[in-house]
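Everything on this sheet refers to the single structure shown next.
The values are calculated or read from the model by the stated rules, or taken from the named source; none is laboratory data. The structure presented is a predicted model; accordingly, all values stated were derived computationally and were not measured. With ideal geometry, Cβ positions are generated from the backbone for all residues, glycine too; neighbour counts draw on all protein chains shown.
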Amino acid sequence: MKSMTKSPLQIARASYKPKLPNAFKGNVVLLEGTSTESVADQTEIKELFPNTYGMPLITFEPGEKKLNPVVGVGVILSGGQAPGGHNVISGLFDGLKALNTDNKLYGFLGGPIGLVDHQYIELTKEVVDEYRNTGGFDIIGSGRTKLEDDEQYEKGAVICKKLGINAIVVIGGDDSNTNACVLAEYYSQKNTGIQVIGCPKTIDGDLKNEMIETSFGFDTACKVYSELIGNIQRDANSAKKYWHFIRLMGRSASHITLECALQSQPNICIVSEEVEANNMTLSNVVENIVKVVVHRAKHGLNFGTILIPEGLIEFIPAMKNLISELNDLLAENDDFNALNSDEEKREYVKGMLSPESCEIYRSLPKGIAKQLTLDRDPHGNVQVSLIETEKLLIEMVGKRLAQLKAEKKYNGKFSAINHFFGYEGRCAIPSNFDADYTYSLGYTASVLISEGKTGYMSSVRNLTAPAAEWIAGGVPITMMMNMEKRHGKMKPVIQKALVLLDGAPFKFFASQRENWADEKSSYVYPGPVQYYGPSEVCDQPTRTLLLEKGY
């Protein structure tokens, strides 16, 4: 393989040796706990997954040396990129070779479609070494093809048999691991001898539970975004003239926004889950922003920072109802798709909505209304990343301030700049935490495979402790599942983890936000991700994880 051109930092990072839990320092023994059940809808999930439901939790401990048979493994990168994906593959490769030097690893190209279309490469040491501790998914590429029908599964089984592949590792988020669970069930039912193991990936942070303390990539992405927010805040505090409306990636939960707020202490941070819980309207959200803008203006501070979660629009109850109606209305709607002009589509939608939703739809700026009716994502949902919520809020805040100025209740200057931080963090060089965590997840997957397990997700816990004290094992994917409506039908999916309003991270934020909003300077400037130096600078996990563990 042709060697890549590398920066000095990348060359230095290539020599970094990720830390592993003590359980992997020698031979490993598997300990099984009690049987499990799904987080909800137990009857339905058990019926859909009779072969992989109720399996026990697994932990690893040091054990006696044993003979490990030769296995072939295929790996898939699925969905959006997250820092550390290459290290999952590195850990998987090294783990397999430690178990038996004759083990082979294949990478399916372009995501799940590579399995179906038989596009692959063998991942040798020469290939893997080029990508250790690097960001991105470019070693084999990724994709969003859903594995959901028997023909796809059978095509996958054909190439696995040809290559001698005994197991497939799916590295992805909640939807990708849902697909992994379905694939594991199918191959178990058909007695193909093909195991399926998942790894928890998503910068959004919404794939988490008691056994999955965090998804990989969340730490790095939040550190990258927090650096950018800190830089903007330093500029705002210097120029003293702009309000920065910053939308952050994370469509279904506000974990990224909350974590970045904990790291940088902006003047305003909107948490979608709180908006929904308090049954707030869009006008309520605007009014809360306006209050802070007016207060700071009274002290001569016509600047500030506002963090906005990407999925906010879906958490405003009235908007949520509108979007739900639109998702159902536009699912495979040939009549709508046949319309040519935006105005025709707008009139068609208005005629099909309920009176309440129609009223909201009519009140929206045409640009936002159009964004709500764009093509759905692969799961049948509105593509919230295309909805420029920050621009909508700037427009509405500006109008409200103009009213207050006319009423002589506000005499400040409001000038706003909008930002969207998303892709800037998805392929960053992984932090030490993510480099170690992902390597351990890959290593864990290799042991689960060697023990003949299927339908499990790699689990590495106790993450606020030094890496040597991390607890590795596996969690049945069915344990995380519930039933949700997709494309108008109820389907089994991994339950998303939202920000808990009674959780320690949000409670700490709520106790501090008034101080961050006032006229005193409270900004924090996190600076860039650090790879070398004191552990308290280089190896710390997120503030969210520390607060959840009582630190």
- Message: If I filter the stretch 339-346 for residues that are assigned by TED's automatic domain parsing to the domain that holds Ser521, of a type outside the set (Asp, Glu) and closer than 28 Å to Gly422 by Cα, do I get at least one hit?
- Response: no
- Item | Per-region count, the stretch 498-531, residues more than 20 Å from Ser252 (Cα to Cα), within 23 Å of the chain's Cα centre (by Cα) and aromatic (Phe, Trp, Tyr) | 2
- Task: Filter the stretch 23-46 down to the residues that are small (Gly, Ala, Ser) and in contact (Cβ under 8 Å) with a residue 60 or more places away in the chain, then identify the one that is surrounded by the fewest Cβ atoms within 10 Å (Cβ to Cβ).
- Result: Ala40
- Residues of the stretch 160-192 being free of Cβ contacts under 8 Å to residues at least 60 places away in the same chain, part of a helix (DSSP H, G or I) and crowded, with 16+ Cβ neighbours inside 10 Å, in sequence order, are Leu183, Tyr186
- From the set of residues in the stretch 37-61 that are assigned to a strand (DSSP E or B) and within 25 Å of the chain's Cα centre (by Cα), which is nearest to Ala497 (Cα to Cα)? Leu57
- Note on the structure: The one condition Leu147 fails out of (1) touching a helix residue (DSSP H, G or I) at 6+ places or on another chain (Cβ under 7 Å); (2) surrounded by fewer than 19 Cβ atoms within 10 Å (Cβ to Cβ); (3) modelled with pLDDT under 95 is (2)
- Message: Condition first: touching a strand residue (DSSP E or B) at 6+ places or on another chain (Cβ under 8 Å) and of a type in the set (Lys, Arg). Now tell me which residues in the stretch 1-57 satisfy that.
- Response: Lys25
- Item | Filtered residues of the stretch 245-267 (kept if out of contact with any Leu (no Cβ under 7 Å at 6 or more places or on another chain) and not in a helix (DSSP H, G or I)) | Arg247, Met249, Gly250, Arg251, Ser252, Ser254, Gln265, Asn267
- Message: Just to be sure I understand the filter: pairs with C-beta atoms under 6 Å, separated by 6 or more residues or on different chains, first member in the stretch 291-305 and not assigned by TED's automatic domain parsing to the domain that holds Ile270 and assigned to a loop (DSSP other than H, G, I, E, B), second member surrounded by fewer than 24 Cβ atoms within 10 Å (Cβ to Cβ) and at pLDDT 95 or above. Which pairs pass?
- Response: none
- Task: Consider Ser522 carefully, then state whether it is among the polar types (S, T, N, Q), in a loop (DSSP other than H, G, I, E, B) and outside the structural domain of Cys181 (by TED's automatic domain parsing).
- Result: yes
- Counting only residues that are in contact with a Pro (Cβ under 9 Å, 6 or more places away or on another chain) and part of a loop (DSSP other than H, G, I, E, B), which one in the stretch 419-436 is farthest from Phe137 (Cα to Cα)? Ser431
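Conditions (1) of a type outside the set (Asp, Glu); (2) at pLDDT 95 or above; (3) at positive phi; (4) assigned to a strand (DSSP E or B), marked per residue:
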site: Ile417; (1), (2), (3), (4): yes, yes, no, yes
site: Thr438; (1), (2), (3), (4): yes, yes, no, no
site: Ser446; (1), (2), (3), (4): yes, yes, no, no
site: Lys453; (1), (2), (3), (4): yes, yes, no, no
site: Met457; (1), (2), (3), (4): yes, yes, no, yes
site: Ala472; (1), (2), (3), (4): yes, yes, no, yes
site: Glu484; (1), (2), (3), (4): no, no, no, yes
site: Leu498; (1), (2), (3), (4): yes, yes, no, no
site: Phe508; (1), (2), (3), (4): yes, yes, no, no
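Would you point out the residue of the stretch 197-213, among those that are aliphatic (A, V, I, L, M), in a loop (DSSP other than H, G, I, E, B) and over 8 Å from the mean Cα position of the chain (by Cα), that is surrounded by the fewest Cβ atoms within 10 Å (Cβ to Cβ)? Steps first, please.
From the stretch 197-213, those aliphatic (A, V, I, L, M) are 197, 203, 207, 211-212; that's our starting set.
Add one more test, that the residue is in a loop (DSSP other than H, G, I, E, B), and what stays is 203, 207, 211-212.
Those still in the list that are over 8 Å from the mean Cα position of the chain (by Cα) too: 211-212.
Details: Met211: 21, Ile212: 23.
For the stretch 197-213, the residue satisfying everything is Met211.
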- Note on the structure: Checked against (1) closer than 16 Å to Ser521 by Cα; (2) among the small types (Gly, Ala, Ser); (3) modelled with pLDDT under 95, Ser252 satisfies every condition except (1)
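This table checks each residue for (1) of a type in the set (Val, Ile, Thr); (2) under 21 Å from Thr281 (Cβ atoms).
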position: Lys320; (1), (2): no, yes
position: Glu325; (1), (2): no, yes
position: Ala331; (1), (2): no, no
position: Gly351; (1), (2): no, no
position: Tyr361; (1), (2): no, yes
position: Gln371; (1), (2): no, yes
position: Leu386; (1), (2): no, no
position: Leu392; (1), (2): no, yes
position: Val397; (1), (2): yes, yes
- Task: Taking the residues in the stretch 362-410 that are among the polar types (S, T, N, Q) and at pLDDT 85 or above as candidates, determine which candidate is surrounded by the most Cβ atoms within 10 Å (Cβ to Cβ).
- Result: Thr389
- In this structure, does Val475 turn out to be touching a Ser or Thr at 6+ places or on another chain (Cβ under 7 Å), of a type outside the set (Phe, Trp, Tyr) and either without any contact (Cβ under 8 Å) to a residue 12 or more places away in the chain or not assigned by TED's automatic domain parsing to the domain that holds Ile89 (or both)? no
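Is it true that Glu514 is part of a helix (DSSP H, G or I), acidic (Asp, Glu) and surrounded by fewer than 23 Cβ atoms within 10 Å (Cβ to Cβ)?
yes
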